[in-house]
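Asks: Dropping the structure in here first, questions after.
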Amino acid sequence: MKDLLPFFLAHWPLTLAFIVTLITLIIFELKDRQGGAQRIDSAELTRLINHEKALVIDIRKNEEYQKGHILGSLNITPDTFKDKINELQKAKNRPIILVDHNGNGFHTMLKLLRQEGLSAHYLAGGVSAWRQDGLPLTNLTE
């Protein structure tokens, strides 16, 4: 234990990088918990779609959506999300899952949903994780 301080002082750049990384991870974890959104994986999303008729909202740009999306998902981009919020009220008894490219771009939309009294989940890793898990995507040109 007494050797830790000299180690930290001798390797201060590594120590600083570790501390910054740790703080960043804590902040992101707190943001996720505070937002009331539950991170789900591809298997859980599949279960929610099949058994609870989940509403999957793909928030990527239309061009990305057309290249490949989860079957049955709606494409509502962040710039049109606010305009569509009333339509989403119809699905308040169904699970709502937000999907983006890599699982990081959903915070604003989750906040809007919470303000309207709706709760939502998000797909951890986004469409990239879905694809990596070997699950199918469909596109509009098929």
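Asks: Strands (runs of 3 or more DSSP E) wholly in the stretch 4-121 with at least 1 residues that are surrounded by fewer than 18 Cβ atoms within 10 Å (Cβ to Cβ) - which ones?
Replies: Details: elements: 38-40, 55-58, 96-99.
Result: 38-40.
Asks: Go through (1) at pLDDT below 90; (2) touching a strand residue (DSSP E or B) at 6+ places or on another chain (Cβ under 7 Å); (3) closer than 21 Å to Asn139 by Cα for Leu98 and report which single condition fails.
Replies: All conditions are met except number (1).
Asks: Same structure, new question: Using beta carbons and a limit of 9 Å, which pairs, at least six apart or on different chains, have the first residue in the stretch 68-94 and in the same structural domain as Thr108 (by TED's automatic domain parsing) and closer than 28 Å to Gln132 by Cα and the second one of a type in the set (Ser, Thr, Tyr) and in a helix (DSSP H, G or I)?
Replies: So the pair list comes out as Ser73/Tyr65; Asn75/Tyr65; Thr77/Tyr65; Pro78/Thr108; Phe81/Thr108.
Asks: I need the full set of residues from the stretch 95-127 which are in contact (Cβ under 8 Å) with a residue 40 or more places away in the chain and among the acidic types (Asp, Glu), in order please.
Replies: Answer for the stretch 95-127, where residues must be in contact (Cβ under 8 Å) with a residue 40 or more places away in the chain and among the acidic types (Asp, Glu): just Asp100.
The values are calculated or read from the model by the stated rules, or taken from the named source; none is laboratory data. Model, not experiment: these values are computed from the prediction. We place every Cβ from the backbone using ideal geometry, glycine too, and count neighbours over all the protein chains shown.
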